[in-house]
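The values are calculated or read from the model by the stated rules, or taken from the named source; none is laboratory data. Just so it is clear, the structure is predicted and the values come from calculations on it, not from any experiment. Note that we place each Cβ from the backbone using ideal geometry, even for glycine, and neighbour counts take in every protein chain shown.
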Amino acid sequence: MPMPLSDLVFDKLPGALAAVRTSVTATRLVELCRHVRDDGGALVTLWGEDLRRDAQGFRLCVVLQHDNGLMVAELALPAVDPVFPNLAEIFPGAERLQRAVHDLVGLRALGGDARPWLRHAAWPADVFPMRHDAPTAATDLADDYAFVRVEGKGVHEIPVGPIHAGTIEPGHFRFSVVGEKVLRLEERLGFAHKGIEKRAEGLDAASGARLVARTCGDSAVAYAWAYAMAVEAVTVTSPPPRALALRGLLLERERIANHVGDIGGIANDAGFAFGLSQCSRLKENLLRANARVWGRRYPLDAIVPGGVRDDVDADAVRVLLEDLAVLEAELLRLREIYDNHAGLQDRFIGAGTVSPELAAKLGIVGLAARASGRAQDWRHALPAGPYAQPLTPVVRSAGDVAARVAVRFDETLASIGLCRSWLATLPDGELVAPLGAARADALGLGGVEGWRGPVLVAVRLDANARIARCHPHDPSWHNWPVLEHAIIDNIVPDFPLINKSFNLAYSGHDL
Amino acid sequence: MWHLLQQIRKVGIISEPAPDADMAMLQHELQEQIARVFGRALAIRQVDAGSCNGCELEIQALHNPYYNLEGMGIRFVASPRHADALLVTGPVSRHMAQALRRTYEATPEPKLVIAVGDCGACGGVFGESYASLGAIANVIPVDVAIPGCPPTPTALLQGILAAIGKRASS
């Protein structure tokens, strides 16, 4: 890895992901971030750790993606007044992560937006729940959040949420509009914050898997796999090849289920109920096949540290292959209907546009990035497990609802192809490898490209193989701010359509 | 347009005349009970009080053509003021507690509350903490809880039936 910062020492992290770590000073952290950004890299996530019980202060961990590998920069901070440089000036996507690290651990960025993000009214501003000495008793306070006001003649506000008019997760949207046109959208999230990181502390590896899989129910396979990968890294465990192929199968089926559901849901938000009926039927077929093969419509706990829980026998392989063939034929037919439906395309094309330039600047990730011309896909960039064959990311450049639908169609078809090839060549062998001894306090990283984008889980185990720290990261952190830009100058009635075309996570983000 | 119509004709009506006797009984019973107890459709308002979104996926699945939800007389409504029942997923995050209480207060009496999923029933893997209040019953009165992680659409329908039964017998 060519680095101008030659005094930094990079140690390779164990595990399936290509990742290194280094210790930095505040100045070096800023230089490193600048260098990575200028070189086309990105910020993945950041979190804080409380090390005061070990007679140290705090630690800020920043994960960057650079040159098809991950880089963890660790910055030691003092126990009193732990502050760090404002990375949002380099990566705009750092801002909400920095606000969250202040809310939870009390590490403060110097500059930038100082409003709380994940903290509403469940604990006071001077309590940091992820610190070891935080009081456990909660205090219910008055919730008073300073939304940005848009002034001007004829401007009015539309507050929406946290409870929305449908079966959707909770969050608040504040629109400032003139007539029907949206001047500004301000999101406020954190309503689904249920303390997942704190809950993980002290759990054994298996209980941690059940918890982390439920960070975000629609991406449970992605989270379970990323978590398992992180635990396997710190216990120096290699899952058997059959387990890896079956994990790939589960992850691609999760992608297919969500993409097909969204293709229907997006059409429905454009008034095309036919799309929803057809796609929800196809999704149901897939869930029923899951129930036949894995015993569960949503196999949330199918992936365990060390491997997978359930085998897929020859009969199941046949059932899955037959179902995929039917699904593929139906999808091709639906795509033609979508493409040729003038009324539908009229709603899709040009709605909620994120140009490739804006996408690059804001650090958008996942399927939304690929719809805005950015060929980013961790299955391609950080291939782990069964993704040995080079995978070509599906890319569109228009950056509108139409592009996000097109990416979903093409990725679903590509996923069907991947499932087919793994089912045809399932390696024989064990399903689980026993976990090795935990390397106490070593950092383990796991990451996969979930259907929405890259999911990362960082884990540290203690000497008793219990979780000392666990940080799950959802791709929605980077894409929620992009939605605020995508809606500008669109009309209010198009918001559900544009929002659905991103379909971002609340629970996965709120933790 | 021709392809669209062709697709509709080809797929036909797939609402299940129930895959098995149990499901047929369930659908029949739901329809009968709703007609008897309410004399009209049962209006449900769904509230996500902090779930992982897993339960929401199965509640959405209830709306797919297989389950013929509206055929049984079940309708999801946008406002609690139009609702006979609240279908609430959990755990209740502390940040959602006030919104949940207000939704409960806005629902006209007599009202049913159905707690969905292991988290809604007992707090699930998230339990009670600085950020989570756990079970729905810790925040508002609950008539019936539907365990499962997530509960299947069939389990959801059974739970709704149980709630109506409870209302009918009270």
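Applying the condition of being away from every other protein chain (no Cβ under 12 Å) and part of a loop (DSSP other than H, G, I, E, B) to segment A:168-188 and asking which residue is farthest from the chain's Cα centre (by Cα) yields A:GLY179. A count restricted to segment A:131-167 and to residues that are more than 14 Å from chain B (Cβ to nearest Cβ) and either touching a Gly at 6+ places or on another chain (Cβ under 8 Å) or under 29 Å from B:ALA43 (Cβ atoms) (or both) stands at 2. Inside segment B:40-85, residues that are of a type in the set (Asp, Glu), buried (at least 23 other Cβ atoms within 10 Å of the Cβ) and more than 19 Å from B:ARG101 (Cβ to Cβ) make up a count of 2. Name, by its number, the condition in (1) touching a His at 6+ places or on another chain (Cβ under 8 Å); (2) not in a loop (DSSP other than H, G, I, E, B) that does not hold for B:ILE34. Among (1) touching a His at 6+ places or on another chain (Cβ under 8 Å); (2) not in a loop (DSSP other than H, G, I, E, B), B:ILE34 violates only (1).
Across segment B:39-55, the qualifying residues are those that are outside any loop (DSSP other than H, G, I, E, B) and free of Cβ contacts under 8 Å to residues at least 60 places away in the same chain, and the one among them that is farthest from A:ILE163 (Cα to Cα) is B:ALA43.
Quick check on A:ALA360: is it in a helix (DSSP H, G or I) and either of a type in the set (Ser, Thr, Tyr) or within 12 Å of another protein chain (Cβ to nearest Cβ) (or both)? Taking the combined requirement at face value, the residue does not satisfy it. The single condition among (1) over 27 Å from B:SER170 (Cβ atoms); (2) away from chain A (no Cβ under 14 Å); (3) touching an Asp or Glu at 6+ places or on another chain (Cβ under 9 Å) that B:ALA21 does not satisfy is (3).
Residues in segment A:364-385 that are modelled with pLDDT under 95 and either assigned to a helix (DSSP H, G or I) or buried (at least 24 other Cβ atoms within 10 Å of the Cβ) (or both): A:ASP377, A:TRP378, A:ARG379, A:HIS380, A:ALA381. Restricting attention to segment A:37-66, the residues being free of Cβ contacts under 8 Å to residues at least 60 places away in the same chain and among the β-branched types (Val, Ile, Thr) number 1. Of the residues screened, B:ALA97 is not one that is crowded, with 18+ Cβ neighbours inside 10 Å and over 18 Å from A:SER507 (Cα atoms).
In segment A:67-88, which residues are in contact with a Cys (Cβ under 9 Å, 6 or more places away or on another chain), surrounded by fewer than 22 Cβ atoms within 10 Å (Cβ to Cβ) and either without any contact (Cβ under 8 Å) to a residue 24 or more places away in the chain or over 22 Å from A:ALA442 (Cβ atoms) (or both)? Correct list: A:PRO85 only.
Restricting segment A:94-114 to residues that are in a loop (DSSP other than H, G, I, E, B) and at pLDDT 95 or above, the residue that is farthest from A:VAL62 (Cα to Cα) is A:GLY106. Would you check if there is a residue in segment A:220-231 being at negative phi and facing another protein chain (nearest Cβ under 9 Å)? Within segment A:220-231 (the criterion being at negative phi and facing another protein chain (nearest Cβ under 9 Å)), the answer is yes, since at least one residue qualifies.
Listed here are the residues, each with its yes/no results for (1) modelled with pLDDT of 95 or more; (2) surrounded by 21 or more Cβ atoms within 10 Å (Cβ to Cβ).
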position	(1), (2)
A:ALA414	yes, no
A:LEU431	yes, no
A:ALA437	no, no
A:ASN464	no, no
A:HIS473	yes, yes
A:HIS478	yes, yes
A:ASN503	yes, yes
A:HIS509	yes, yes
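Each residue in segment B:38-56 was checked for being of a type in the set (A, V, I, L, M) and closer than 27 Å to B:TYR130 by Cα, and 2 pass. A:PRO454 versus (1) under 30 Å from A:SER176 (Cβ atoms); (2) within 13 Å of the chain's Cα centre (by Cα): which is the lone unmet condition? The one condition A:PRO454 does not meet is (1).
Looking at segment A:164-174, can you tell me whether even one residue there is under 26 Å from A:ALA114 (Cα atoms), of a type in the set (Val, Ile, Thr) and at pLDDT 90 or above? No, segment A:164-174 contains no residue that is under 26 Å from A:ALA114 (Cα atoms), of a type in the set (Val, Ile, Thr) and at pLDDT 90 or above. Taking the criterion of being within 27 Å of the chain's Cα centre (by Cα), small (Gly, Ala, Ser) and buried (at least 18 other Cβ atoms within 10 Å of the Cβ), the residues of segment A:113-146 that qualify are A:ALA121, A:ALA122.
So that you can scan it fast, the table gives a plain yes or no per residue for (1) more than 25 Å from A:ALA437 (Cα to Cα); (2) in a strand (DSSP E or B); (3) under 22 Å from the mean Cα position of the chain (by Cα):
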| position | (1), (2), (3) |
| --- | --- |
| A:VAL9 | yes, no, no |
| A:ALA16 | no, no, yes |
| A:ARG21 | no, yes, yes |
| A:ARG28 | yes, no, no |
| A:GLU31 | yes, no, no |
| A:LEU43 | yes, yes, yes |
| A:LEU46 | yes, yes, yes |
| A:CYS61 | no, yes, yes |
| A:LEU64 | yes, yes, yes |
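It is to be established whether one or more residues within segment A:47-61 are in contact with a His (Cβ under 7 Å, 6 or more places away or on another chain) and buried (at least 17 other Cβ atoms within 10 Å of the Cβ). The answer is yes, given that some residue of segment A:47-61 is in contact with a His (Cβ under 7 Å, 6 or more places away or on another chain) and buried (at least 17 other Cβ atoms within 10 Å of the Cβ). The numbered conditions (1) surrounded by fewer than 19 Cβ atoms within 10 Å (Cβ to Cβ); (2) free of Cβ contacts under 8 Å to residues at least 40 places away in the same chain are all true for B:ASN138 except (2). The residues of segment A:310-357 that are over 22 Å from the mean Cα position of the chain (by Cα), in contact (Cβ under 8 Å) with a residue 40 or more places away in the chain and part of a loop (DSSP other than H, G, I, E, B), listed by number, are A:ASP310, A:ASP311, A:VAL312, A:HIS341, A:ILE349, A:GLY350, A:ALA351.
Say whether the condition of being closer than 22 Å to A:ALA384 by Cα, of a type outside the set (S, T, N, Q), modelled with pLDDT of 95 or more and not in a helix (DSSP H, G or I) is met by at least one residue in segment A:82-91. Don't jump to the end; show me each part of the working.
First, the residues of segment A:82-91 that are closer than 22 Å to A:ALA384 by Cα: none.
No, because not a single residue in segment A:82-91 is closer than 22 Å to A:ALA384 by Cα, of a type outside the set (S, T, N, Q), modelled with pLDDT of 95 or more and not in a helix (DSSP H, G or I).
If the condition is being touching a Leu at 6+ places or on another chain (Cβ under 9 Å) and among the small types (Gly, Ala, Ser), then segment A:338-377 contributes A:ALA351, A:GLY352, A:GLY363, A:ALA368, A:SER372.
Scanning for something out of contact with any Pro (no Cβ under 6 Å at 6 or more places or on another chain), more than 24 Å from A:PRO496 (Cα to Cα) and within 14 Å of chain B (Cβ to nearest Cβ), does segment A:318-326 turn up at least one residue? Break it down into steps so the answer makes sense when it comes.
Quick first cut of segment A:318-326, residues out of contact with any Pro (no Cβ under 6 Å at 6 or more places or on another chain) only: A:318-326.
Restricting the remaining residues to those that are more than 24 Å from A:PRO496 (Cα to Cα) gives A:318-326.
Restricting the remaining residues to those that are within 14 Å of chain B (Cβ to nearest Cβ) gives A:326.
Taking every residue of segment A:318-326 in turn, at least one turns out to be out of contact with any Pro (no Cβ under 6 Å at 6 or more places or on another chain), more than 24 Å from A:PRO496 (Cα to Cα) and within 14 Å of chain B (Cβ to nearest Cβ).
To keep it simple, each residue is scored yes or no on (1) farther than 27 Å from A:ARG335 by Cα; (2) part of a helix (DSSP H, G or I).
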site: A:TYR223; (1), (2): yes, yes
site: A:ALA226; (1), (2): yes, yes
site: A:ALA230; (1), (2): yes, yes
site: A:THR237; (1), (2): yes, no
site: A:LEU251; (1), (2): no, yes
site: A:GLY271; (1), (2): no, no
site: A:ALA289; (1), (2): no, yes
site: A:VAL293; (1), (2): yes, yes
site: A:TYR298; (1), (2): no, no
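Within segment A:279-309, being touching a Pro at 6+ places or on another chain (Cβ under 7 Å) and touching a residue at least 60 places away in the same chain (Cβ under 8 Å) holds for A:TYR298, A:GLY306, A:GLY307.
Screening A:LEU443 with (1) buried (at least 20 other Cβ atoms within 10 Å of the Cβ); (2) touching a Ser or Thr at 6+ places or on another chain (Cβ under 8 Å); (3) within 26 Å of A:VAL231 (Cα to Cα) gives one miss only, at (2).
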